[in-house]
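Asker: Dumping the structure here so I can ask a few things about it.
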Amino acid sequence: MDTWLKRIRPDANQWSQNAIIVCMTIALLFAILLPLGELVIKAVTDQDGNFIGLMHFANYFSTPALVMSLWNSIKVSTVTTIIAVTLGFGFAYALERSAIRSKWFYRSVALLPLFAPSMLHGLALTYLFGNQGLISTGFFGLLPEFRMELYGPIGIVMAEVLYTFPQAFLMLSVALASADYRMYEAAETLGASKWRIFWTVTVPGTRFALISAIFVCFVLTFTDFGAPKVVGGQYNVLATDLYKQVIGQQNMQMGAAVGVLLLIPAVISFVIDRISQRKQSGWLSAKSTPYRIERNKLRDGLFYVLCSAVSAVIISIILVAIYGSLVKVWPYNLSISFTHYEDFLDEEGPFVTSLLIAFATALIGTVATFLFAYLIEKSRGHRLLRQSAYFLSMLPLALPGLVLGLIYVFFFNNPNQPLHGIYGTIWIVILCNIVHFYSVSFLTMTSGLKKLDSEFEAASESMNVPWYRTLLRVTVPLSLPTILEVFLYYFINSMVTVSAIIFLYAPDLKPAAVAIVNKEDSGDIAQAAAMSTLIIVANLLVRTAIMWMAGKIQKRTDALLVRTKE
Amino acid sequence: MEQGYLSLCNLAKRFGKHTALQDIQLDIAKNEFICLLGPSGCGKTTLLRILAGLEKADQGSVVIAGKDITSLPAGKRNFGMMFQSYALFPNLTVSENIAYGLRNRFSKAQIADRVEEMLHLVELGEHRNKVPAQLSGGQQQRVALARALAFSPDCLLLDEPLSALDAKVRAKLRNEIRRLHHQFGMTTIMVTHDQEEALTMADRIVVMNQSRIIQVGTPKEVYERPKTPFVADFIGAISFIQSDKHSEQAMLAIRPEHVQLLRDGHEKGRQGIVRELEYRGTHYRIVAELIGRQGTLLQQFVTIDVPAHAMVSHHVWPDQKIAFTLPPEHVIRFDDTADLAVG
């Protein structure tokens, strides 16, 4: 059978690779492009499917309340971006370019918010600055009262800064970590002052990361649903509008129009990011020498203060949320108990559902991402096919979670759809999560694969070994650290995400992050905080386990990949 | 030797707008050792990859022993290939790497025997259980060679096999590859940009430039009778001078070791002014600027190699006048001067 097959298909290697790429491209087509098309169609048709042009948008812009939310979204996002990117740059600069101590500690703290759902920051702010908040009441009368208008723009900005800060920090620290010290030495020998060097060498070296960070923070805030839901009060923004239009009023057409508006900054950001990625390469060469940090007491002192302050805020936010979840009846009975955690660990409970979804997403997502990244990067499949597959793989980067959830409702909640069957099951949530976090995983995987010798495939081909054997025996073992990293990324994000799946979950299979929104809606703040705490704990545990494993494997792989020179 | 064992007929390849190969005609005899020599970007690696089946030619055919293999995929050609980076699988041991291509062809016991044989052949028996990172560059190179030879290929393809090694190891492995070729007799095609490597190793050299084959011949032919100025300049050192007969456009060329330096005060032969003088251990290298009949400087330069022991009887200093002759039997004439070296 095997030899017979080989006779009719002499080039079975390439043929089988092409077949898989075609299958996966079709899958991506159904998971991304077609639903997106549905959104555009909905936005320009009426309920009966007649073409009405830009009527919905005209309606939208003639409704003062709705225009107001657009304005609010822009204002809140701009302020958040300025604060988050400034803090992120300062923090990243402190960790990469100053000589402060315990950098590992500051780094871990800065990344802590990534492990929490974005509602947690809002909940913690309620515990601090709400009507009965710790700070508002001056620690229940111990100190003078400090009252401010939390519910509204101030609260949203505070919560969003906490939410976007780690992203800005991460992007900028990568850029600041990779500098060519020879340029600093050259500038110094030419007599430039520290200030001039900063503006002529440091900032240009990070400008692409800076632009990307600005856009990412803006888009994250612009499309975030969690924070405005919890601390937004009567202050309407685009994301909450969308939720109200679709879930509250079942006005799908107007929802589609709002979805298109949400998409605009995301698409611009996507394009800019692609351009800067292309330009960024070539800044560093193999001969670059790493940055050398010199001692400077004043600088280190200032950065020490900055890092400590930011870290203190992040830690106290998370501690307050945990404390709130443990207090029996805030603020009247401050005794500690686990009552709010009851029935969360039920087999049918949201927390278990979330774990299930996150594990399934991580498992399926990682396998699919690896296979696809491998075939696009390493196979000799058809070039046009690989390019279109690559483009489709980048597309989810331009899709905010809220829009993704929306287009999935449009696309899959249609009885004439052959895939209608998965609507209302756990599978659509898993599919949505995979697509939502696919692009970043894909890029991580691709850059991991790029580090492997590009001749492995050619070598095994010339020895007449089928591609999948080399894949399993060589490429997978060598990529294990990256594979684990991607698995972790899928898992953590599936645990904390709410924006996409809020439209999609089945009532009997409610994920934990959605449960937080519902609890908060009905006033059970403590239970919402308890659920958030559980998510953080679960994420940290899984992360510790996987990083421990990945670290061990990484050490082994690194030893294998050393290039010996004689 | 059986002529035309492996024939390349009219091969061409383009990558987008860039022409990588054109008009490639080549007949290779069985058991021959061929070097593809040329500057980087001349298409030699592309040609090797087309032979291996890793790249598809746009036109033309590849025939081995009368069988057309142009559209046969790499795995079916039974060609062993050694890559520039060696492409050893870093997570597999030396034995596992060597056994990698044998699994589909032999039984377990046969594979074990074959691996043993190859390990012995490249003298890596005691390293069999090490992974590539634990080996030196030269040892890695030998593993790669053993892996490519393990399944007794009809043809061995080597892509700049020695370029990653330092000079001493390189010379040693050069002999080793020659020895293996002698022992196995497999037809071998090696890509290199190192002329010395090509001259010492090849039965025949294929000189390539700008996507074409310029000359095919034994090392001696290519060195002594280069077809074009490019070949002359690319292989070995050479000086070009214009013919002194004004009616001719021809270019004359001569290798530095063939120029005869004359004793002081000689008025015969050519005159020149010493512009550079270098001591090179075994010999001195002089670069002299030619002086014309009327005593004018011609802005043409001749390189002259003089053995170190012979220098004792000459007095050569910078900016001094010297006399030399160009023995006619060593002067190479080029009528077409368009194609000068770029590499």
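The values are calculated or read from the model by the stated rules, or taken from the named source; none is laboratory data. Values in this document were obtained by computation on a predicted structure and should not be read as measured data. Virtual Cβ from ideal backbone geometry, glycine too; neighbours counted across all protein chains shown.
Asker: Could you list all residues from segment A:89-137 that are more than 30 Å from residue A:331 (Cα to Cα), buried (at least 18 other Cβ atoms within 10 Å of the Cβ) and among the aromatic types (Phe, Trp, Tyr)?
Answerer: Matches in segment A:89-137: A:89, A:91, A:93, A:106.
Asker: Scan segment A:171-194 and tell me whether some residue there is within 30 Å of residue A:403 (Cα to Cα) and surrounded by fewer than 20 Cβ atoms within 10 Å (Cβ to Cβ). Even if it seems obvious, please write down each step before you answer.
Answerer: Applying the first criterion (within 30 Å of residue A:403 (Cα to Cα)) to segment A:171-194 yields A:171-175.
When the remaining residues are screened for being surrounded by fewer than 20 Cβ atoms within 10 Å (Cβ to Cβ), the result is A:174.
So far as segment A:171-194 goes, yes, one or more of its residues are within 30 Å of residue A:403 (Cα to Cα) and surrounded by fewer than 20 Cβ atoms within 10 Å (Cβ to Cβ).
Asker: For the condition touching a Leu at 6+ places or on another chain (Cβ under 6 Å), at pLDDT 90 or above and in the same structural domain as residue B:190 (by TED's automatic domain parsing), what is the one hit in B:24, B:50, B:34?
Answerer: The conditions single out B:24.
Asker: Now a separate question. Within segment A:466-477, count every residue that is buried (at least 21 other Cβ atoms within 10 Å of the Cβ) and either at positive phi or modelled with pLDDT under 90 (or both).
Answerer: Count: 1.
Asker: Of the numbered conditions (1) within 19 Å of residue A:381 (Cβ to Cβ); (2) away from every other protein chain (no Cβ under 14 Å), residue A:467 satisfies every one except a single condition; which is it?
Answerer: Here residue A:467 meets the rest and fails (2).
Asker: Would it be correct to say that residue A:182 is of a type in the set (Lys, Arg) and modelled with pLDDT of 85 or more?
Answerer: Here the answer is no, as residue A:182 does not meet what is asked.
Asker: Looking at A:451, A:378, which one is surrounded by fewer than 19 Cβ atoms within 10 Å (Cβ to Cβ), charged (D, E, K, R), closer than 30 Å to residue B:87 by Cα and within 14 Å of another protein chain (Cβ to nearest Cβ)?
Answerer: That would be A:451, the only listed residue that is surrounded by fewer than 19 Cβ atoms within 10 Å (Cβ to Cβ), charged (D, E, K, R), closer than 30 Å to residue B:87 by Cα and within 14 Å of another protein chain (Cβ to nearest Cβ).
Asker: Quick check on residue B:45: is it over 24 Å from residue A:468 (Cβ atoms), more than 9 Å from chain A (Cβ to nearest Cβ), of a type in the set (S, T, N, Q) and more than 24 Å from the chain's Cα centre (by Cα)?
Answerer: On the way: over 24 Å from residue A:468 (Cβ atoms): yes; more than 9 Å from chain A (Cβ to nearest Cβ): yes; of a type in the set (S, T, N, Q): yes; more than 24 Å from the chain's Cα centre (by Cα): no.
Taking the combined requirement at face value, the residue does not satisfy it.
Asker: Please give the number of the condition residue B:167 fails out of (1) surrounded by fewer than 18 Cβ atoms within 10 Å (Cβ to Cβ); (2) facing another protein chain (nearest Cβ under 9 Å); (3) farther than 26 Å from residue A:465 by Cα.
Answerer: The single condition residue B:167 does not satisfy is (2).
Asker: Only one of these conditions is not met by residue A:225: (1) among the aromatic types (Phe, Trp, Tyr); (2) farther than 24 Å from residue A:267 by Cα; (3) buried (at least 22 other Cβ atoms within 10 Å of the Cβ). Which number is it?
Answerer: Only one criterion is unmet by residue A:225, namely (2).
Asker: Residues to consider are A:506, A:528, A:545; find the one that is crowded, with 18+ Cβ neighbours inside 10 Å and small (Gly, Ala, Ser). Lay out the reasoning, then the answer.
Answerer: Values: A:506 fails: crowded, with 18+ Cβ neighbours inside 10 Å; A:545 fails: crowded, with 18+ Cβ neighbours inside 10 Å.
Checking each option against the conditions leaves just A:528.
Asker: A further question follows. Quick check on segment B:69-122: of everything there that is surrounded by fewer than 22 Cβ atoms within 10 Å (Cβ to Cβ) and touching a strand residue (DSSP E or B) at 6+ places or on another chain (Cβ under 6 Å), which residue is nearest to the other protein chains (Cβ to nearest Cβ)?
Answerer: Among residues in segment B:69-122 that are surrounded by fewer than 22 Cβ atoms within 10 Å (Cβ to Cβ) and touching a strand residue (DSSP E or B) at 6+ places or on another chain (Cβ under 6 Å), the one nearest to the other protein chains (Cβ to nearest Cβ) is B:84.
Asker: Could you please find all residues in segment A:515-566 being assigned to a helix (DSSP H, G or I) and within 14 Å of another protein chain (Cβ to nearest Cβ)? Step through it out loud before you land on a result.
Answerer: Keep residues of segment A:515-566 that are assigned to a helix (DSSP H, G or I), which gives A:515-521, A:525-561.
Result: A:553, A:554, A:555, A:556, A:557, A:558, A:559, A:560, A:561.
Asker: For residue A:498, only one of the following conditions fails: (1) out of contact with any strand residue (DSSP E or B) (no Cβ under 9 Å at 6 or more places or on another chain); (2) within 13 Å of chain B (Cβ to nearest Cβ); (3) over 14 Å from residue A:370 (Cα atoms). What is its number?
Answerer: Of (1) out of contact with any strand residue (DSSP E or B) (no Cβ under 9 Å at 6 or more places or on another chain); (2) within 13 Å of chain B (Cβ to nearest Cβ); (3) over 14 Å from residue A:370 (Cα atoms), only one is false for residue A:498: (2).
Asker: Could you check segment A:1-43 for helices (runs of 4 or more DSSP H) lying wholly inside it with 1 or more residues that are at pLDDT 85 or above?
Answerer: Because the criterion is at least 1 residues that are at pLDDT 85 or above, the helices (runs of 4 or more DSSP H) in segment A:1-43 that meet it are A:12-28, A:34-43.
Asker: Identify all residues within segment B:206-227 that are surrounded by fewer than 23 Cβ atoms within 10 Å (Cβ to Cβ) and part of a loop (DSSP other than H, G, I, E, B); write none if there are none.
Answerer: Those that are surrounded by fewer than 23 Cβ atoms within 10 Å (Cβ to Cβ) and part of a loop (DSSP other than H, G, I, E, B): B:210, B:211, B:218, B:225, B:227.
Asker: One residue is enough: does segment B:48-61 have a residue meeting the conditions touching a Cys at 6+ places or on another chain (Cβ under 9 Å), of a type outside the set (D, E, K, R) and more than 11 Å from chain A (Cβ to nearest Cβ)?
Answerer: For segment B:48-61, residues touching a Cys at 6+ places or on another chain (Cβ under 9 Å), of a type outside the set (D, E, K, R) and more than 11 Å from chain A (Cβ to nearest Cβ): present.
Asker: Go through (1) within 14 Å of chain B (Cβ to nearest Cβ); (2) in contact with an Asp or Glu (Cβ under 7 Å, 6 or more places away or on another chain) and name the single condition residue A:407 misses.
Answerer: Result: residue A:407 passes all but (1).
Asker: Working only within segment B:126-147, note down all residues that are at the interface with chain A (Cβ under 8 Å from one of its Cβ atoms), closer than 13 Å to residue B:86 by Cα and among the aliphatic types (A, V, I, L, M).
Answerer: B:133, B:135, listed by residue number.
Asker: Which of the following residues is touching a residue at least 12 places away in the same chain (Cβ under 8 Å) and under 16 Å from the mean Cα position of the chain (by Cα): A:373, A:398? Full working, then the answer.
Answerer: Details: A:373 fails: under 16 Å from the mean Cα position of the chain (by Cα).
On inspection, the qualifying residue turns out to be A:398.
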